[in-house]
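Undergrad: Once you've had a glance at the structure underneath, I'll fire off some questions.
The values are calculated or read from the model by the stated rules, or taken from the named source; none is laboratory data. Here the structure is a predicted model, which means the values were calculated and not measured. Quick reminder, even Gly has a Cβ in these numbers, built from the backbone with ideal geometry, and neighbours come from all protein chains shown.
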Amino acid sequence: MLPPIDLSKLGGSEHDRVVEEITRAAETLGFFQVVNHEVPIELLEKLKDTAHSFFGQAPEKKAAYRKGASPSPLVKYGTSFVPEKEKGLEWKDYISMTYTNDAEALQNWPKEYK
């Protein structure tokens, strides 16, 4: 098990080591935990609540943001499940946003989830 990665060290003399830790964890495990990221807990809680709100909707409501149909050029909803290829029923649904800057993100994020 890898220990949490301390992002407060990115700006100092240990920058390259922290980047290597992130790279190694991403390539070998596919995930990692970070500490000292300076993201306020309130924002993280709001993000979690927003995600529950979005994914808790009826399928047809979420489908409005499906790739190729989304009213936002930056926001896309999708699933990793491909019935023609999958034998098991393990998949993930996701909503993604291409981030460019705060102003464009706020303009393009679905209003009902701001």
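Undergrad: Check GLU38, GLU104, GLU42, GLU60 and return the single one that is assigned to a helix (DSSP H, G or I) and at pLDDT 90 or above.
TA: GLU42
Undergrad: In addition: Taking the condition in a helix (DSSP H, G or I) and at pLDDT below 85, does GLU112 pass?
TA: Here the answer is yes, as GLU112 does meet what is asked.
To keep it simple, each residue is scored yes or no on (1) of a type in the set (D, E, K, R); (2) farther than 13 Å from ILE95 by Cα.
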{"residue": "ALA26", "(1), (2)": "no, yes"}
{"residue": "LEU29", "(1), (2)": "no, yes"}
{"residue": "VAL35", "(1), (2)": "no, yes"}
{"residue": "GLU45", "(1), (2)": "yes, yes"}
{"residue": "ASP49", "(1), (2)": "yes, yes"}
{"residue": "PHE54", "(1), (2)": "no, no"}
{"residue": "SER70", "(1), (2)": "no, no"}
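Undergrad: What residue, among those in segment 85-98 that are surrounded by 10 or more Cβ atoms within 10 Å (Cβ to Cβ) and in a loop (DSSP other than H, G, I, E, B), is modelled with the highest pLDDT?
TA: Among those residues, the one meeting the criterion is THR98.
Undergrad: A further question follows. Quick check on segment 69-84. Is at least one of its residues modelled with pLDDT under 90 and among the basic types (Lys, Arg)?
TA: No, segment 69-84 contains no residue that is modelled with pLDDT under 90 and among the basic types (Lys, Arg).
Undergrad: Any residue in segment 17-33 that is of a type in the set (A, V, I, L, M, F, W, C), in contact (Cβ under 8 Å) with a residue 24 or more places away in the chain, at negative phi and not assigned by TED's automatic domain parsing to the domain that holds TYR113?
TA: yes
Undergrad: Starting from segment 49-68, take each residue that is surrounded by 12 or more Cβ atoms within 10 Å (Cβ to Cβ) and list its partners that are of a type outside the set (A, V, I, L, M), counting only C-beta distances under 6 angstrom and pairs at least six apart or across chains.
TA: THR50/TYR113; PHE54/TYR113; LYS62/TYR77; TYR65/TYR77; ARG66/TYR77
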